[in-house]
Amino acid sequence: MDENYISIPAAYGSPSLLTPWGKEFSPMIERGVQCAQAWLDAPGDVPLWWELAQTRKTFPAGCCQDAFEAGFLLRIQQRLGGTSR
């Protein structure tokens, strides 16, 4: 694994997932993972797409938003992959 890139930690029986972003984007990626995990743990009445869209807006446009989305969607991907096994 390239230590210059950020990985999403393993979850739900799925392995860790490498992102194409360096350490400078770590806070955005981590926030994406945390946001998705919070929704997965207690989905409530807020649709998943709304959670993604609204939190995404808190980051500057461009790579920062992309890194947040990667963290968010990769955690969802891990959950979907983990439940199909």
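Here are the numbers:
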| read-out | value |
| --- | --- |
| Residue of Gly71, Gly62, Gly22 that the Gaussian network model of the chain assigns the largest fluctuation, springs spanning Cα pairs under 10 Å | Gly62 |
| Leading residue at positive end of dipole, the chain (Cβ point charges), from Cys63, Gln34, Ile6 | Gln34 |
| Interatomic Cα distance distribution for the chain, bins of 5 angstrom, percent | 3, 16, 27, 23, 19, 9, 3, 0 |
| Those GluC sites (Glu not before Pro) in segment 1-75 that DSSP places in a loop and that have at most 12 other beta carbons within 10 Å | Glu3 |
| Within segment 5-83: Cβ-based charge dipole about Cα centre, in debye rounded to nearest 20 (Lys, Arg +1; Asp, Glu -1) | 80 debye |
| Pairwise label distance in nanometres, Lys57 with Ala42, each label 7 Å out on the Cα-Cβ vector | 2.3 nm |
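Every number here is computed from the coordinates shown, using simple stated rules; none is lab data. Since this is a predicted model, take the numbers as computed values, not measurements. So basically every Cβ, Gly included, is an ideal-geometry build from the backbone, and we count neighbours across all protein chains shown.
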